[in-house]
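Notes follow the structure.
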Amino acid sequence: MPRMRNAIAVTLAFFWLAACGPVITASNRVTSPDGHWAAIVESKQWSGPGNDFDATQIELQQANAPPFEILGFTHEYATMKVQLIWISPQHLDVQFGPSDRKCDHVDMTFQAVQAAGIEITTKPFPGPANTVRC
């Protein structure tokens, strides 16, 4: 019986160590022109047997309040192209696209068009389609 427990413990430890993540692969913070808001982009990567996953989340945050999600993306590789542009204190424009790696693609999984009085617009970067798959 002790050998069985040891084998189970070793197996569980292996899966716990193998299922790593999330790891932050890129992040950026851009403050609104009036300084009241910050747009935060963060790309994360999960890895392990059967659970590889890459995602990017964009959040808004005001002063000391917790951030809240406004956009979500999945993509093939660890990072994607994202540019946050404050058009005005009440308008955030987000440009996005796949990385320069071959066969990368980006899928938008969540989108808020307005949050806390901030208008949020999105547009893909010019160039290859965001859903090219190999």
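The values are calculated or read from the model by the stated rules, or taken from the named source; none is laboratory data. Predicted model only: the values in this text are computed from it and were never measured. Neighbour counts are summed over all protein chains in view; Cβ atoms, including those assigned to glycine, are modelled from backbone coordinates with ideal geometry.
Tabulated values for the structure
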| item | result |
| --- | --- |
| Residue satisfying all of: in the stretch 80-108; of a type outside the set (A, V, I, L, M, F, W, C) and in contact with a His (Cβ under 8 Å, 6 or more places away or on another chain); farthest from Lys123 (Cα to Cα) among these | Pro89 |
| Verdict on Ser47 being farther than 21 Å from Arg29 by Cα and either small (Gly, Ala, Ser) or touching a residue at least 40 places away in the same chain (Cβ under 8 Å) (or both) | yes |
| Condition check for Gly72: on the phi > 0 side of the Ramachandran plot, at pLDDT 95 or above and out of contact with any Lys or Arg (no Cβ under 7 Å at 6 or more places or on another chain) | no |
| Yes/no for Asp34 being among the acidic types (Asp, Glu) and part of a loop (DSSP other than H, G, I, E, B) | yes |
